[in-house]
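First comes the structure, then the notes that go with it.
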Amino acid sequence: MSDLRLSVNLVLNDELQRATEYYHQTSGVTSTMVQTAKERLERYAPLLAYLFPELEKTHGIIESPLMPIKAFSDYGEAGGYWLKGDHALAVAGSVKARGGIHEVLEFVDRLSEEYCLMPNNSVIDLLSERSLEVLNKYKVTVGSTGNLGMSVGIISAALGMQAVIHMSTEAKEWKKQRLRDRGAMVIEHDGDYALAVEEGREEALADAFSHFVDDEQSISLFCGYAVAGSRLKAQIDELGIQVDAEHPLFVYIPCGVGGAPGGITYGLKGEFGDYVHVFFVEPEDSSCFAVQMTHLEQPNISIYDVGQKNDTEADGLAVPVASQLAVKEMRPRLSGVVVIGEDNLMRDLYLLKEQSDIQIEPSAAAALSGPRAIFNTPEGAAYIEKHGLAEHMPRANHIVWATGGSFMPEDEYKAFWKRGKAMVKA
Ligand SMILES: *Cc1c(COP(=O)(O)O)cnc(C)c1O
């Protein structure tokens, strides 16, 4: 007998509202802020294309493909299954690209105004000697389990700034090395992600020339992530995928603090309103968002408070406390959180490679359990019933958000793949 333990649970969000109820909400993040983030990424595109030759093809826009995948055997009947390939995002190799790069560019915009670094109103001015001299005095600091550090570190160093990345114990060695190779300074901590963030925050606040990218509270980061919404809408239109009352769209996104999936959800709800149903996915020993959503009366509740240990191979999701910014924005928008067993990660990482030849990291593989939760849990059935979706399910489209992986060294990937293979064959 194999001791494979596939498990999937769905926690529904009772506070989900109809889009008409939160569209006019005026506190917090606004659609104008997201639009500004989108325009900023476009304005900087020529500079990014110059700094990163791999962006020449897309003229400096960092975006990932939406591609069809084969359904897993325990998925239900649907119009189509798709994978959003952020594992292949250029420069950062993960979902952290849009948010992390946006926040660093917003900081550069502020410096540019203060020091008048763009006299010709062109981002190319930032390559001038005087600009580089100014930028080099500044430091961008961030706490990370790995991927946010890569995104922020690589762009900051490329723009001539110093990058200081505080890494938690979960951070993989190759991610630290990749950053060091690009000129970033990596500080290793023995503690978890929350501690790495705290240390980074303290160090940065004590330094007037330092900007701290706050993964738990940053609106700039959140808005950068949210840009994915309108970009995905354009891809959906281009592929001719229908999204309306008769063609619901389900989206599943791996969740750590909730900032990246929260931003994406914000963007998607803005584009598709009630026709899109978004679910986060978390490992069962690091399910901080599910824990927070079920303990709304206790802000900043930690997974340790409910007996979880933060022990998971999904390094990008190994987070003890949810972002309160993300929680606030998700309360009316998020459909629910899927909580999965550790074995799902390796098995699905393996199966995706075998079935669709796509290579992703364990954190990203979490998303593949999303459809499974809709079709194989009582809560999934209850959700379909409550929202009157039963008759539309055969035409529904499902998108699993593959959040990272293409930079993973081959031997590292292979080790995960082998573990998954052993589970399937057992
Ligand atoms: C960071 C990350 C996530 C989750 O993003 P949060 O903002 O922490 O919720 C998901 N997948 C991967 C690969 C990541 O690096």
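The values are calculated or read from the model by the stated rules, or taken from the named source; none is laboratory data. Values in this document were obtained by computation on a predicted structure and should not be read as measured data. As a convention, Cβ positions derive from the backbone with ideal geometry for all residues, glycine included, and neighbour counts pool all protein chains shown. Accessible surface is based on the protein model in full, side chains and every heavy atom, while ligands, DNA and RNA are left aside. Shrake-Rupley method; radii C 1.70, N 1.55, O 1.52, S 1.80 Å.
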Response to the item:
Sole miss for LYS172 among (1) away from the ligand (no atom under 16 Å from the Cβ); (2) in contact (Cβ under 8 Å) with a residue 24 or more places away in the chain is condition (1)
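Being open to solvent by 40 Å² or more (accessible area, probe 1.4 Å) and at pLDDT below 95 is the filter here; which residues of segment 377-408 pass it? Lay out the reasoning, then the answer.
From segment 377-408, those open to solvent by 40 Å² or more (accessible area, probe 1.4 Å) are 378-379, 381-382, 385-388, 390-391, 394-395, 406-407; that's our starting set.
Within segment 377-408, SER406, PHE407 meet the criteria.
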Fill in: Search result, residues across segment 258-275 that are buried (at least 24 other Cβ atoms within 10 Å of the Cβ) and more than 14 Å from the ligand (Cβ to nearest atom)
LEU268, LYS269
Item to complete: Would you confirm whether any residue within segment 247-256 is more than 26 Å from PHE289 (Cα to Cα) and not assigned by the TED database to the domain that holds ASP125?
Response: yes
Worksheet item: Which condition number in (1) open to solvent by less than 30 Å² (accessible area, probe 1.4 Å); (2) more than 16 Å from the ligand (Cβ to nearest atom) is the one that SER151 fails?
Response: (2)
Worksheet, complete the sentence: Note on GLY388: of the conditions (1) within 27 Å of GLU170 (Cβ to Cβ); (2) away from the ligand (no atom under 16 Å from the Cβ), unmet is (1)
Discussion item. I need the full set of residues from segment 207-242 which are in the same structural domain as CYS255 (by the TED database), free of Cβ contacts under 8 Å to residues at least 24 places away in the same chain and aliphatic (A, V, I, L, M), in order please.
Written reply: ALA234
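In segment 52-145, which strands (runs of 3 or more DSSP E) lie fully inside it and hold 1 or more residues that are touching a Gly at 6+ places or on another chain (Cβ under 8 Å)?
Numbers: elements: 66-68, 80-85, 139-144.
Correct list: 66-68, 139-144.
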Discussion item. If I go through segment 204-221 residue by residue, how many of them are farther than 13 Å from SER144 by Cα and not in a helix (DSSP H, G or I)?
Written reply: 8
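Does segment 397-426 hold any residues that are within 26 Å of the chain's Cα centre (by Cα), of a type in the set (Gly, Ala, Ser) and in a loop (DSSP other than H, G, I, E, B), and which are they?
GLY405, SER406
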Discussion item. Please go through (1) surrounded by fewer than 21 Cβ atoms within 10 Å (Cβ to Cβ); (2) away from the ligand (no atom under 16 Å from the Cβ) for GLN217 and return the number of the only condition it doesn't satisfy.
Written reply: (2)
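Considering only segment 157-179, I want to know if a residue exists there that is hydroxyl-bearing (Ser, Thr, Tyr), part of a helix (DSSP H, G or I) and surrounded by 18 or more Cβ atoms within 10 Å (Cβ to Cβ).
no
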Fill in: Selection from segment 103-144 of residues that are within 18 Å of CYS223 (Cβ to Cβ) and either assigned by the TED database to the domain that holds LYS38 or within 13 Å of the ligand (Cβ to nearest atom) (or both)
GLU103, VAL142
Fill in: Number of the condition not met by GLY28 [criteria: (1) at pLDDT 95 or above; (2) open to solvent by less than 50 Å² (accessible area, probe 1.4 Å); (3) within 22 Å of PHE212 (Cα to Cα); (4) of a type outside the set (Asp, Glu)]
(1)
Worksheet item: So GLN35 clears everything in (1) more than 27 Å from THR294 (Cβ to Cβ); (2) free of Cβ contacts under 8 Å to residues at least 12 places away in the same chain; (3) over 19 Å from the mean Cα position of the chain (by Cα) except one condition, right? Which one?
Response: (3)
Discussion item. Given (1) at pLDDT below 95; (2) away from the ligand (no atom under 16 Å from the Cβ), identify the lone condition not met by ALA92.
Written reply: (2)
Worksheet item: Taking the stated definitions as given, is TYR252 within 13 Å of the ligand (Cβ to nearest atom), touching a helix residue (DSSP H, G or I) at 6+ places or on another chain (Cβ under 6 Å) and open to solvent by 10 Å² or more (accessible area, probe 1.4 Å)?
Response: no
